[in-house]
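Just so it is clear, none of the values below were taken in a lab; they were calculated from the coordinates. If you're wondering where the values come from, they're calculated on a predicted model, not measured in any experiment. Here the Cβ is made from the backbone with ideal geometry for all residues, glycine too, and neighbour counts use every protein chain on show.
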Amino acid sequence: MTVLDYAIILAYLAVLVIVGITRRSKRNESAAGFILGGRRLTLPAFVATLVSTWYGGILGVGEYSFSYGISNWLVFGLPYYLAAVLFAVFLARKARRAEVLTIPDRLDRVYGPKAAVAGSVILFIVTVPGAYVLMLAVLGKFLFGWPLWLGAVVGTLFSLFYVHLGGFRSVVRTDLLQFGLMFAGFLVLFFVLVDKYGGLSFIQSAVPQTHLSWHGGNSGWYIVTWYFIALATLVEPAFYQRCYAAKNEKVAQNGIFISIIFWIIFDFLTTSCGLYARAVLPDLVDPISSYPALAAEVLPPGLLGLFALALIATVMSTVDSYSFLAASTFSRDIVWRLFKVPEKNITYYTRVGLVLSGLIALVLALYFKSVIDIWHDFGSVATPALLVPLFFAFNGKRRMTPSAAFWCIILSGGISLIWLLSDSWTADGGYWLGIAPIFPGLVVSILFYLFGAEAEKPVVKTD
């Protein structure tokens, strides 16, 4: 890193400060204005904010593609495209039509307040961006030589500054910039690598053969598990928030389909660069730093700064979005429901929630050592807890009773959590019966729907 590289990064951070100052929301802005930007999200903005937000785990993708090769596409690519298609087909238009602010609003409307609060607690926990703060910490260590805690703190402060002031509008405006940067950085790195080392023939000669197999050396059962974890997309708060904020139903649905195309392109770039990292730096000790290490090896000054900025922007776009989602859940879905605070105070408590989510994210980032572990563990608990109740809150003619929905969320999530913890209780370090924790919770959740749902009663209009 040269002075020019650092200047590029500082210029970007200055832009974020300016955005935060110029897009400051009114002190008493409505909850719909602060949380959803007034529901005026256009198609280009929808695509840019969803694509950049949902791809914040860039170092986790580098970690996996460095370690397991093209299997990255079958684990972190294809299952999520399929889940996104399901969301676009079955949920996007209905979510926009619902005219609610958050996921628990829908749970409340269909199942009542107890289920909404239970869902709120789970959503708050899973939207706290611990994995992404960890990536900011790693980037701070690699680019600036900082200790992990300092990188985590500085990255979190910058990510939350403009969101604290401007709310969802600031998230969208910065995501437009970050969307462009993430593609520019990886396109530059990819073409430099091809020019310097050659194409597929170089990769084939320099990486382990398992890296070019569909499984990457992992078991088929392990890969199948990720397809179920990818169903978390159907309860993904970032998707719902952007659909709620979309200008209309058409923008919500088409925006997801277009986003999938951009994710496919970006996955090609990231997987390819991960393979080059394994080929060029086979002795790299820490795979999570594969992308920055590769860039430092091959990029000249200026381009190195651009790529470093692409990594920072990709991660920060997710830190700000998920912190804001966690904060919105805290204010609108926990504080407002439990303590009946006035609607006009939602903006204030959302800002309090930003601080709280940032602190929790810092603790998680310094506790966990792997981004993939965070994704796996949190997804294994949240998906079974919310998938069935939320999906059928929008689809079908059968609805779980309020009591069944509440206990479905509590017990299915709780069973998966206990199953997850069994890994540290057993002598051989494996899960009970060798079953991944997401499956027992999903089975319980499906049983609740089969035996606790009833036909929806038609609404009788009276004069």
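What is the angle, in °, between the Cα long axis of helix 58-68 and the longest principal axis of the Cα atoms in the chain? Nearest 10 is fine, range 0 to 90.
That works out to roughly 70 degrees.
Quick one: go through the stretch 141-173 and flag any residue whose amide nitrogen is under 18 Å from the point 7 Å out along the Cα-to-Cβ line of Ser424.
Residues passing the 18 Å test: none.
Mind counting lysine pairs for me in the chain? Cα separation below 18 Å, and the two need to be 8 or more apart along the chain or on different chains. Mind showing how you got there, number by number?
On the way: Lys26/Lys344; Lys94/Lys247; Lys94/Lys250; Lys94/Lys397; Lys114/Lys340; Lys141/Lys369; Lys397/Lys457.
Close lysine pairs found across the chain: 7.
Counting only residues 5 or more places away or on other chains, whose amide H sits under 5 Å from the amide H of Arg398 once H atoms are built in the peptide plane?
Glu456
Can you put Arg106, Arg242 in order of Cβ neighbours within 10 angstrom, beginning with the fewest? Can you show the working numbers first?
Details: Arg106 22, Arg242 32.
The most exposed by this proxy come first: Arg106, Arg242.
Read phi for every residue in the stretch 314-328 and hand back ³J(HN,Hα) as whole Hz from Karplus 6.51 cos²θ - 1.76 cosθ + 1.60, θ = phi - 60°, with x for Gly and Pro.
Calculated HN-Hα couplings, in order: 4, 6, 5, 4, 8, 4, 5, 5, 6, 4, 5, 4, 4, 5, 5 Hz.
Once the Cα atoms of helix 249-280 and of the chain are each reduced to a long axis, what angle between those two axes, in degrees from 0 to 90 to the nearest 10, is obtained?
Helix 249-280 sits roughly 30 degrees off the main axis of the chain.
Hull surface divided by four, with the convex hull built on the Cα atoms of the stretch 275-397: how many nm²?
Mean shadow area of the hull around the Cα atoms is 12.0 nm².
Apply the Karplus curve 6.51 cos²θ - 1.76 cosθ + 1.60, θ = phi - 60°, to the phi angles in the stretch 433-448 and return the couplings in whole Hz, x for Gly and Pro.
With coefficients 6.51, -1.76 and 1.60, one gets 6, x, 9, 4, x, 5, 6, x, x, 5, 4, 4, 4, 5, 5, 4 Hz.
Taking the highest mean first, how do the peptides 110-123, 375-388, 280-293 order by number of other beta carbon atoms within 10 angstrom per residue?
Output ranking for 110-123, 375-388, 280-293: 375-388, 110-123, 280-293.
Highest mean first, what order results for 398-409, 191-202, 260-271, 312-323 on Cβ atoms within 10 Å?
Numbers: 398-409: 21.2, 191-202: 13.7, 260-271: 17.6, 312-323: 28.0.
Put in order of decreasing packing, that is 312-323, 398-409, 260-271, 191-202.
How far, in degrees from 0 to 90, does helix 130-144 lean away from the longest principal axis of the Cα atoms of the chain, to the nearest 10?
Roughly 20 degrees between the two axes.
Hey, how many Å between the Cα centroid of the stretch 328-371 and the Cα centroid of the stretch 386-405?
26
Taking the Cα-to-Cβ direction at His215 and at Leu338 and moving 7 Å from each Cα, how far apart do the two end points lie in nm?
So the label points at His215 and Leu338 sit 4.6 nm apart.
Given 10 Å bins starting at zero, what is the percent of C-alpha pairs of the stretch 3-372 in each, up to the one with the largest pair distance?
Cα pair-distance distribution for the stretch 3-372, in percent: 5, 25, 34, 24, 10, 2, 0.
How do Thr347, Thr233, Thr49 line up, fewest other C-beta atoms within 10 Å first?
Arranged by neighbour count, lowest to highest, Thr347, Thr233, Thr49 become Thr347, Thr233, Thr49.
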